[in-house]
Every structure is written in structure tokens, then in C-alpha cells.
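The values are calculated or read from the model by the stated rules, or taken from the named source; none is laboratory data. If you're wondering where the values come from, they're calculated on a predicted model, not measured in any experiment. Glycine also receives a Cβ, built like all others from the backbone with ideal geometry; neighbour counts cover every protein chain displayed.
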Amino acid sequence: MSIADKVEVRLRVNGEDTAIMVLPYKTLLEVLREDLGLTGTKHGCELGECSTCGVLVDGKPFLSCLAMPLDLEGREVTTIEGMARGREPHPLQVAFAELGAAQCGYCTPAMLLTAKALLDREPRPSREMIKQALSGVLCRCTGYLKIFEAVELAASRGSDG
Amino acid sequence: MAEAFSVVGKSLTKPDAYAKVSGQTKFADDLSLPRMLFGRILRSPYPHARVLRVDTSAARELPGVLAVLTGDDLPVKFGILPVSQDEEALAREKVRYVGDPIAAVAATDEWIADEALGLIDVQFTELPHAMSIQEALAAQGEPIHGSSNVHKAVALEFGDTDAAMRVAEYVREDTVFFEGNTHLPMEQHAAVAQYAADGKLTLWTSSQTPHYVHRALGKVLELPMSRIRVIATPNGGGFGGKSDIFSHELVAAKFAMATGRPVKITLTREEVFYAHRGRHPVLMKVKTGFTRGGRITAMQFQSFLDGGGYGSYGVASTYYTGALQATTYAIPRYRFEAVRLFTNKPPCGPKRGHGTPQPRFALEIHFDKAAEELGVDPVELRRRNLPAPDSRTVNWLRITSCGLEDCINKVVDGSGFLRRRTSMPKGRGLGFAVSSYLSGAGTAIYWNDMPHSEVQLKLDRNGGVLLLCGAIDIGQGSDHILAAIVAEVLGVALDDIQLSTGDTDLTPIDLGSYSSRVTFMAGNAAKAAAESVRDRLFRAVANALHCDAADLTARDHRIYRSDRPADGLTFAQAVQRAEAQGGVVTGSGSYTPPNLAGPYKGSGVGPSPAYSYSAAVVEVDCDLKTGEVKVPEVWIAHDVGRAINPMLVIGQVEGSVYMALGEALMEEQTFRLGLHKFPSLLEYKSPTALEAPVMHTYLVETIDREGPFGAKEAGQGPLLPVIPAVANAVYDALRIRIDEIPITPEKVLKALNERDRRVGPKSVPTFSFPPLIKAEVPEEWKGK
């Protein structure tokens with residue numbers, strides 16, 4: 001591939017503006033992981049089936065494996081690396097750590113971001129609302145219960161810390 | 001009164017938790033090295049074919065392609081078990097399933113590598129394929145391997161079962177099928193290889209068994225193991241699916257050697273379905289004789305395993321379909337016959353519960369039916385056949401602690417099983433089942449008399465502790481267990497422990513994160529290592545305080561006199577004293593399981609230093625119109641010996657229940673015209689957050705005399721009783737018997753319309769098992 005094949009993409013990721021030259025057919029998932037070094041976003045199928053690659057775009061859950069970066073210019077992308085405030089982990093991250101809601105940790109970034117989108121919209125969700133909100137993100141380790149409990153713990157502590 | 005322990009038994013945050021919630025954990029595919037190439041593998045489109053010619057010339061000419069490999073570049077055969085060295089990194093003469101690797105390309109990016117795969121011209125001659133147990137037995141054409149599709153056949157008998165059947169007052173026989181399914185870890189397998197200018201090879205790989213990968217690389221690449229370093233990266237889920245030797249690991253290493261550049265290969269999701277090594281489809285026949293009072297007099301068990309295209313762990317899987325019947329029930333006479341067949345499907349191997357969920361399913365629905373005919377409730381039938389603690393089974397397995405009765409009481413009382421099951425509304429039902437499982441296999445995969453687990457500790461002058469162990473965390477929390485045990489013994493905190501794990505250059509041997517062995521075996525090694533270091537610190541402190549080392553306590557970062565706690569040194573001061581006296585403060589510990597094999601051929605599979613026990617009650621809610629079965633609530637009790645970290649144990653139990661429900665109700669690996677029907681996450685159905693039931697988890701602590709602080713396994717056993725409990729609950733709800741896993745809506749509707757209200761196999765194929773190996777019965781079972 002020569003530089004001539006690449007296009008400039010301007011993205012705002014985790015509050016930082018960045019301009020990079022990428023191959024136009026690369027997905028947001030690939031650009032985040034391979035061009036921006038944000039490997040906290042994982043891939044599970046690259047077909048939009050498992051939500052492992054979930055990030056937030058303008059605060060809403062978004063499948064990065066199906067998104068083209070060129071379409072996202074001017075929008076706010078949040079990855080797991082942008083979830084903490086400086087060195088202070090987000091209350092959801094603390095609750096996930098404390099309750100053992102991350103076993104292997106592979107679905108965890110997408111699970112956390114999806115839960116964040118829920119709490120930003122609905123600070124005290126019911127168990128049913130949590131189940132609905134997280135139902136697209138597959139986890140094979142936990143059986144989901146510790147994840148529900150962690151979301152509830154974070155909500156009870158106040159997601160805004 | 002101080003608590004007995006300061007770390008053990010507490011639900012503390014595990015050491016790797018914050019790395020995981022921040023996305024900082026580096027999985028294999030997250031690694032990137034300068035000048036790294038990307039590899040892709042060409043796989044067979046045919047289930048069974050001869051490979052006549054592989055022409056790679058066009059692929060080699062594509063710009064960006066740096067190397068192409070075929071089977072001739074890696075001709076040495078391998079396999080995880082020494083008795084099944086039947087795999088090639090890239091198939092040379094023939095392919096045995098759709099997805100079997102044939103050739104590989106390394107290029108400057110994955111798109112070029114993919115494009116180059118399309119330029120490889122392979123000529124095949126198709127062969128007839130066998131896609132089931134029945135087809136493998138009936139096959140007329142060329143066998144998949146050697147001279148027959150029979151991979152392994154075994155026949156064992158402990159006492160005269162025919163005679164015991166004749167005197168039984170009630171005999172029952174059932175035929176049951178368990179369809180295969182796969183692990184489906186969220187992380188696809190990945191490996192990165194680097195061959196340095198000094199001739200040393202490093203492989204980072206998402207493997208549960210770096211030591212076995214190390215051995216296989218040495219063999220296949222024909223390199224001394226001292227020039228190979230295998231680093232297991234944290235596994236993004238394993239469940240047994242990353243405990244084999246995989247083509248992409250060998251190919252990435254060979255590419256690195258061929259090009260002098262780092263090479264990464266990450267499997268696509270579809271390829272993960274072909275890598276497989278998951279649950280064997282097993283057809284089973286079980287026959288049990290009882291007294292009128294419901295005591296077992298004898299059992300005869302037959303299993304037919306559909307093994308897929310290669311051996312993998314299959315010989316062990318075959319024995320495991322028969323080994324643990326007698327650790328769960330007191331069986332006085334036992335016959336076990338099994339055969340594993342090669343078929344043209346991805347190879348099967350160990351998935352959570354390795355070879356035991358299938359017979360557990362068969363046995364527990366068989367007992368449910370027997371209870372009804374004997375006129376006793378299903379709980380009481382189990383109570384009348386409980387194995388005894390500190391006993392030996394008829395097939396020579398040594399039981400130490402056994403908390404099965406406690407487990408039964410917990411779930412039966414918690415669910416109100418006996419009271420509620422007779423008064424459930426239409427379509428709702430309760431089912432019950434029990435199980436037992438290994439705390440690590442008592443024998444290694446390759447014969448040797450060395451330890452199974454080893455731990456080294458190095459203390460620094462500020463009181464920090466470096467813990468080195470070959471075990472790898474696959475999400476189950478093994479890092480925490482090792483750190484907690486060492487912190488407890490040395491009286492320091494969890495975050496004083498620095499872990500280095502799963503690195504064949506740095507860490508002493510642990511055989512791997514499989515077989516539910518890490519807490520028990522690596523835990524015992526960690527405890528021994530910590531005790532050896534503590535002894536040295538105690539000698540140094542005793543010397544300083546002019547007291548006896550036996551009078552000292554290590555706790556709260558201090559070492560002090562037990563009778564006068566104010567008299568002591570800080571932990572760091574103690575380390576400095578010891579270092580001043582004797583140099584670097586290190587210690588090591590090892591664990592070798594006792595020799596528990598019985599006096600017969602085939603006794604190597606089944607023995608474990610301790611068995612865990614579980615019991616479950618499952619509630620189902622069935623839709624009579626659609627046939628859909630929902631599980632609103634589960635009660636599960638698990639005898640874990642001692643919970644080193646109750647929160648992590650409950651996490652393992654809940655994860656096991658979840659995986660069991662997936663297998664019970666929807667997960668299946670099935671094929672059509674030789675092709676996997678759904679090698680994708682969308683179509684391979686697995687439970688989502690919406691299907692998560694309410695779970696009541698009860699931990700039973702029996703404090704096993706040989707486990708570290710009394711601990712036994714937790715990662716696999718709790719899966720076992722859940723699957724049959726679902727089937728028994730469906731019977732309770734609808735009076736139909738689904739004797740076949742998974743219990744899909746189609747099968748439920750079919751059973752509702754059948755005259756015998758049953759879906760399941762009618763018989764097993766005719767097969768000439770080898771002559772029975774008649775083993776002597778242990779002393780305590782003679783005359784019974």
C-alpha cells in the first residue's frame with residue numbers, strides 16, 4: 001500500500017483531536033487498535049455480532065468493527081482508555097474490580113462503556129433495564145450476575161462520583 | 001480474638017482487576033513489534049480429501065508477501081498426548097475436516113496475506129466423509145487415520161457386574177445423546193513469534209498450557225528447548241479451548257525463523273470454530289441395578305465418542321466418560337466400555353468438565369427415572385447412594401473430603417424442592433442433580449516423575465515479594481490464588497506480591513491452567529515456597545530476638561513473638577536480617593500429587609488428589625406453544641474445600657451455571673454436507689444477559705486435608721449437575737423426556753406429540769469392544 005492510497009481522517013478520541021492518514025477501508029476498530037495504539041478496544045467477531053468492540057460515539061454504544069472512521073469526523077469517540085478521569089477510575093471501573101465482574105477481562109471494556117452509556121442516561125436503572133442495556137455484549141465467563149451487581153453498586157454510589 | 005487468616009477466605013480485589021477494567025491487560029493480539037508481519041492460514045474446503053499438489057508460486061510473487069509455508073516445511077507430527085502424535089502444522093497428504101490447515105502466508109499486512117491465500121492452488125481428490133458416530137462405524141471408504149476409524153476402545157470391569165445385575169431387584173437401562181458444542185472464548189486465539197539474531201525464538205501465545213507448547217515447538221521446529229521461550233499471555237477466556245497445540249503457533253514460529261521478522265497470527269472467529277477441541281458428541285447407554293430400597297448393586301456404562309479429525313486429548317476424554325461415575329455414587333460393581341471414533345469434523349478435546357458432562361447428563365436423568373419407578377423421591381435416591389469421605393471407589397479412586405450431602409441439603413432446602421415440585425403451575429418445573437469433579441489430574445500428560453507445579457519466591461529489601469510460577473490466569477483468578485496464599489503465609493498484603501507467570505524462561509513449571517488443577521497444585525507449591533522463605537525469616541528474627549523460631553508469627557507486615565506481639569521486627573527488617581546473614585532471600589516449593597493409580601491398565605485417567613462435589617436445583621418455565629424453555633432460577637451448592645476468595649469462587653460457580661445453561665438449551669456444533677452449520681457468534685446461539693437467571697450459590701467448605709488451606713477446585717465441577725437438572729425440570733414441568741442435549745424448542749414440541757413423550761436415541765450401534773480388563777476390587781468392596 002502506498003501513501004497515495006491513504007486518506008486523512010480527523011477524529012476526536014477521548015477528548016483529543018487527532019489527524020491521521022489511514023487506508024479508507026479500515027474500520028474504526030482497526031484504526032483505534034492499529035493506528036492510534038488504543039488496544040483496550042477488543043475484537044470478537046468483526047461482524048457486528050458480539051459487541052466486544054463496543055465504544056461510545058457521542059456517548060452512545062457503537063460497534064467499532066462496523067464503523068468507518070471517515071463517517072465519524074466531528075463526533076466524539078470514547079474508548080476504555082478514556083473512561084477514567086485522569087488517574088481516577090470511573091465508579092463503574094471500581095465496582096467491576098471490587099465485585100469480580102471482570103474475569104478474563106476481554107469483554108470488559110465494551111461492557112463498561114455500554115454500562116456507562118446506560119448510567120449517563122438513567123442514573124438508577126432497574127435490574128431489567130441493566131439486562132436490556134447489556135444484552136448485546138456477550139460475556140462467556142461471569143454468567144453476567146456480577147456485572148449486573150457492579151452496575152448497581154456504581155449506580156448506588158453515584159456514577160458521577 | 002484475631003481472625004485465623006488475614007487474606008485467605010476474604011473476598012479481596014484480585015491483583016489483575018484494575019488492569020482489566022482499564023483495558024491495560026495485554027492480550028496476545030494487542031502485542032505489536034517493529035517490522036512485524038501478519039500470517040494467515042489456508043484451510044481445507046473439504047471434509048475429507050487427498051492433497052495432490054499445493055502450488056504456491058503465484059502467492060509468493062504477490063508484492064508484500066515475504067514467505068509461504070506448506071506441510072513440507074513442517075513435516076514433524078505432533079499432538080498433545082504422546083500416544084496421539086497424529087497432527088501436522090499444515091496437512092501434507094490429506095485433510096480431515098473443513099478448516100484443516102494446508103498452507104500459510106506471511107505478508108506485510110493481513111489484506112495482502114488474505115489475497116495471497118487466494119492465489120494458492122491446491123488440487124484435491126475428495127474422499128467419502130463420516131460426520132457421525134454411526135457413519136464412522138459404517139464407513140466403507142478409506143479410514144480417516146490408519147486402518148480403521150476407531151481411535152481408541154477401552155473396556156474395564158470392577159467385579160462381576162453381570163452377576164450383580166442378576167440379583168438386583170430393579171434394573172433400568174437408558175440411552176442418551178449429548179451433542180457437541182464449543183468453548184467460544186471471546187478472545188480469538190493469537191500468537192506472536194520473534195526469532196532474534198542470537199538464534200532464540202520467543203512465542204507469545206494465548207495458551208492455557210505454555211509448557212506443552214514449549215515441548216511441541218522443540219519437537220516440530222527441531223530446536224533445543226533451551227533456545228525457545230514461550231510466554232503465555234492472559235487468556236481472554238479459555239474453558240479448555242486453548243490447552244492444545246495449534247497450527248498457528250507452530251506456523252508463526254516457523255515464519256519468524258524463515259523471515260527474521262516478528263510474525264503475528266490471529267485467528268478469525270470462523271477459524272476458532274475450526275480450531276475447536278471442544279465438547280465431544282457422546283452417545284451413551286447406562287444400565288443400573290438397584291435393590292428395592294434404592295441401593296445401587298451394579299452399573300454398566302457404554303459411551304461412543306465422536307472425536308473429529310484428530311486425536312487431541314481424546315484418549316483421556318474417552319476414559320473420563322467413565323471415570324467419575326463412582327466418585328459421585330457408591331457403586332459396588334462397575335463395567336465401563338467406550339470407543340472414540342474419528343470423524344471428518346474439527347477435533348474434539350477438553351471443554352470445561354472434560355468428558356464428564358456427557359455421562360453426568362446420562363446418569364442424572366437415568367436416576368431421576370429410576371427414582372420415580374422405585375417410588376422414592378430423587379433426592380432420597382441420591383442420599384441412599386452417597387460416596388463416603390475418606391474412602392476408595394470400586395475403580396480405585398481415592399476420595400478424601402466429600403461434602404455432597406451438605407450440597408444436597410443446601411439446594412433442596414433453599415429451593416423448597418420437595419415441597420414445591422408437586423405444586424408448580426402448568427409449564428413450570430423443578431429438576432435436581434448432583435456431581436463430582438477432579439481437583440487436577442493425578443498424572444501428567446507425558447510420563448515423568450517430576451512435580452506438576454513449582455513456585456519460586458524472591459524477596460526484596462523493602463519487603464516486596466516476587467512470585468514466579470508457570471500457571472497462567474485465564475480469567476479464573478489463578479494470579480489471585482497464588483498471591484493470596486503467599487501473602488497469608490508471609491503475613492504481607494496482596495499488593496506486596498509481584499507476579500510473573502506463564503513464561504518458560506523465567507518461571508518454574510506448572511503444567512497449565514486445565515483440569516481444575518491450579519488452586520490445588522500450584523496453590524500447594526506456593527504454600528510450600530512461602531513456608532520455606534518464612535522459615536528462613538523466622539530463623540533470622542529468632543536470632544535477633546533471642547527466642548525460638550517456633551514461637552514466631554508472621555502477620556500484618558511484622559514477624560513477632562506469638563506470646564508477646566510487641567516484640568518483633570517489621571517484615572522488611574526481617575528480610576534485611578536474613579539477607580545480611582545468608583544472601584539473597586529466595587525460596588521454592590513444589591507439588592507432586594500422590595501416586596493414586598489403581599492396579600489396572602487405564603487407571604491413569606480419573607485419579608485426583610481430591611474431588612469437589614456439587615448439587616443443583618433448576619427451575620424451568622416452558623412455553624407449550626413454542627417449546628421454548630426458560631430458566632428463571634437456579635440453586636447451586638459447591639463443595640470447594642475452602643474458598644481462598646469466596647467472591648472469585650462464586651464467580652466460577654456462576655460462570656459454570658451460565659455455561660451449563662447454554663449447553664443444556666441452545667449451544668451445539670452441528671454440520672451439514674461436511675460443513676459447520678454456524679461458525680459465527682450470531683448463529684451459534686449462546687445465552688445473553690437477558691437469559692441470566694437468578695442464582696443462589698452456596699459454598700460448602702469441607703477443608704480438604706491435602707488442599708492448600710483445605711481448598712479444592714471450583715472452575716469446572718459446578719457446570720456438571722446443571723445440565724441434567726434442566727432436563728429433569730423439563731420432565732417435572734411437561735412430563736416429557738428430552739434424552740438429548742441441547743433441549744431445543746423443536747425437541748420439546750416433538751416430545752409433546754410423541755406417544756412415548758420422549759426425544760432421544762433408541763439404541764447404540766453394535767460394536768465389538770475389546771475383551772474386558774477385569775480389575776481386582778479394592779478390599780472394602782469385596783463381598784459387597
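For B:H480, the criteria (1) in a helix (DSSP H, G or I); (2) out of contact with any Lys or Arg (no Cβ under 8 Å at 6 or more places or on another chain); (3) closer than 30 Å to A:A101 by Cα hold in every case but one, which is (2). Filtered by the rule that a residue be touching a helix residue (DSSP H, G or I) at 6+ places or on another chain (Cβ under 8 Å) and more than 11 Å from chain A (Cβ to nearest Cβ), segment B:38-50 gives B:G39, B:R40, B:I41, B:L42, B:R43. Taking first residues from segment B:471-500 that are within 14 Å of B:N645 (Cα to Cα) and partners that are of a type in the set (D, E), the Cβ contacts under 6 Å between residues at least 6 apart in sequence or on separate chains come to B:D479/B:D16; B:D479/B:D473. Can you tell which of B:Q134, B:Q140 is free of Cβ contacts under 8 Å to residues at least 24 places away in the same chain and either closer than 23 Å to B:V339 by Cα or assigned to a loop (DSSP other than H, G, I, E, B) (or both)? Checking each option against the conditions leaves just B:Q140. If only residues of segment A:135-150 that are touching an Asp or Glu at 6+ places or on another chain (Cβ under 7 Å) and without any contact (Cβ under 8 Å) to a residue 12 or more places away in the chain are counted, the one that is farthest from the other protein chains (Cβ to nearest Cβ) is A:L145. Within segment B:322-350, restricting attention to residues that are touching a helix residue (DSSP H, G or I) at 6+ places or on another chain (Cβ under 8 Å) and basic (K, R), which residue is surrounded by the most Cβ atoms within 10 Å (Cβ to Cβ)? Applying the filter and picking the extreme gives B:R340.
Being outside the structural domain of A:D120 (by TED's automatic domain parsing), farther than 25 Å from B:G651 by Cβ, buried (at least 18 other Cβ atoms within 10 Å of the Cβ) and β-branched (V, I, T) is a property that A:T52 lacks. Pull up segment B:117-128, narrow it to residues that are in contact with a Lys or Arg (Cβ under 9 Å, 6 or more places away or on another chain) and in a loop (DSSP other than H, G, I, E, B), then point me to the one that is farthest from B:A103 (Cα to Cα). Per the criteria, the residue is B:L127.
Condition test on A:E49, is it within 12 Å of chain B (Cβ to nearest Cβ), under 18 Å from B:L681 (Cβ atoms) and not hydrophobic (A, V, I, L, M, F, W, C)? Spell out the reasoning first.
Numbers: within 12 Å of chain B (Cβ to nearest Cβ): yes; under 18 Å from B:L681 (Cβ atoms): yes; not hydrophobic (A, V, I, L, M, F, W, C): yes.
So A:E49 passes the test.
Residues of segment A:114-134 that are under 21 Å from A:T78 (Cα atoms) and at the interface with another protein chain (Cβ under 8 Å from one of its Cβ atoms): A:I130, A:L134.
Could you say whether any residue in segment B:713-721 is closer than 21 Å to B:E179 by Cα, of a type in the set (D, E, K, R) and part of a loop (DSSP other than H, G, I, E, B)? Within segment B:713-721 (the criterion being closer than 21 Å to B:E179 by Cα, of a type in the set (D, E, K, R) and part of a loop (DSSP other than H, G, I, E, B)), the answer is no, since none of the residues qualifies.
Just so you know, in segment A:23-44 the residues that are surrounded by fewer than 22 Cβ atoms within 10 Å (Cβ to Cβ) and either touching a Pro at 6+ places or on another chain (Cβ under 7 Å) or not aliphatic (A, V, I, L, M) (or both) include one that is farthest from A:A133 (Cα to Cα), and it is A:P24. Residues in segment B:289-321 that are hydrophobic (A, V, I, L, M, F, W, C), crowded, with 24+ Cβ neighbours inside 10 Å and within 22 Å of the chain's Cα centre (by Cα): B:F304, B:L305, B:A316.
Grab the strands (runs of 3 or more DSSP E) fully contained in segment A:1-69, keeping just those with 1 or more residues being more than 17 Å from A:T114 (Cα to Cα). Passing ranges, in order: A:7-13, A:16-22.
Restrict the check to segment B:644-653 and report whether at least one residue is more than 9 Å from chain A (Cβ to nearest Cβ), crowded, with 23+ Cβ neighbours inside 10 Å, part of a loop (DSSP other than H, G, I, E, B) and at pLDDT 95 or above. Steps first, answer last, please.
Initial filter on segment B:644-653 (more than 9 Å from chain A (Cβ to nearest Cβ)): B:644, B:646, B:649.
Next, only the ones that are crowded, with 23+ Cβ neighbours inside 10 Å stay: B:644, B:649.
Now restrict to residues that are part of a loop (DSSP other than H, G, I, E, B): B:644.
Subsequent filtering for residues that are at pLDDT 95 or above retains B:644.
Looking for residues that are more than 9 Å from chain A (Cβ to nearest Cβ), crowded, with 23+ Cβ neighbours inside 10 Å, part of a loop (DSSP other than H, G, I, E, B) and at pLDDT 95 or above, one finds at least one in segment B:644-653, hence yes.
Residues of segment B:685-709 that are aromatic (F, W, Y) and farther than 19 Å from B:V518 by Cβ: B:Y698 alone. Within segment B:238-260, identify whether any single residue is at pLDDT 95 or above, within 19 Å of B:S478 (Cα to Cα) and among the hydrophobic types (A, V, I, L, M, F, W, C), and answer yes or no. Yes, the conditions are met somewhere in segment B:238-260. Could you list, in sequence order, all residues of segment B:313-324 that are within 21 Å of B:F671 (Cβ to Cβ) and either among the acidic types (D, E) or in contact with a Ser or Thr (Cβ under 7 Å, 6 or more places away or on another chain) (or both)? Passing the criteria: only B:G314. Among residues of segment B:660-694 being within 7 Å of another protein chain (Cβ to nearest Cβ) and crowded, with 19+ Cβ neighbours inside 10 Å, the one that is nearest to B:F361 (Cα to Cα) is B:S686. Of everything listed in (1) over 30 Å from A:M83 (Cβ atoms); (2) more than 14 Å from every other protein chain (Cβ to nearest Cβ); (3) β-branched (V, I, T); (4) crowded, with 16+ Cβ neighbours inside 10 Å, the single unmet condition for B:V7 is (1).
For (1) assigned to a helix (DSSP H, G or I); (2) out of contact with any strand residue (DSSP E or B) (no Cβ under 6 Å at 6 or more places or on another chain); (3) of a type outside the set (D, E, K, R); (4) within 14 Å of another protein chain (Cβ to nearest Cβ), each residue gets a yes or a no:
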residue	(1), (2), (3), (4)
B:A164	yes, no, yes, no
B:D174	no, no, no, no
B:F177	no, no, yes, no
B:H183	no, yes, yes, yes
B:M186	no, yes, yes, yes
B:Q194	no, no, yes, no
B:G199	no, yes, yes, no
B:T202	no, no, yes, no
B:Q208	no, yes, yes, yes
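Scan segment A:95-109 for residues that are more than 15 Å from B:Q24 (Cβ to Cβ), among the aliphatic types (A, V, I, L, M) and assigned to a helix (DSSP H, G or I) and report the count. Matching residues across segment A:95-109 total 2. When the residues of segment A:79-89 are filtered to those that are surrounded by 19 or more Cβ atoms within 10 Å (Cβ to Cβ) and either touching a residue at least 60 places away in the same chain (Cβ under 8 Å) or small (G, A, S) (or both), the one that is nearest to the other protein chains (Cβ to nearest Cβ) is A:E81.
Does A:R75 satisfy the criteria of being out of contact with any helix residue (DSSP H, G or I) (no Cβ under 7 Å at 6 or more places or on another chain) and more than 28 Å from A:R140 (Cα to Cα)? Yes: the conditions hold for A:R75.
Scanning segment B:512-535 for residues that are buried (at least 24 other Cβ atoms within 10 Å of the Cβ) and either among the hydrophobic types (A, V, I, L, M, F, W, C) or in a helix (DSSP H, G or I) (or both) gives B:V518, B:T519, B:F520, B:M521, B:A522, B:G523, B:N524, B:A525, B:A526, B:A529, B:A530, B:V533.
Does B:K14 meet the test of being touching a residue at least 60 places away in the same chain (Cβ under 8 Å), of a type in the set (D, E, K, R), within 30 Å of B:T519 (Cα to Cα) and more than 10 Å from chain A (Cβ to nearest Cβ)? Here the answer is no, as B:K14 does not meet what is asked.
Applying the selection to segment B:17-37, what residues are basic (K, R) and away from chain A (no Cβ under 13 Å)? Spell out the reasoning first.
Narrowing segment B:17-37 to residues basic (K, R): B:20, B:26, B:35.
Passing the criteria: only B:R35.
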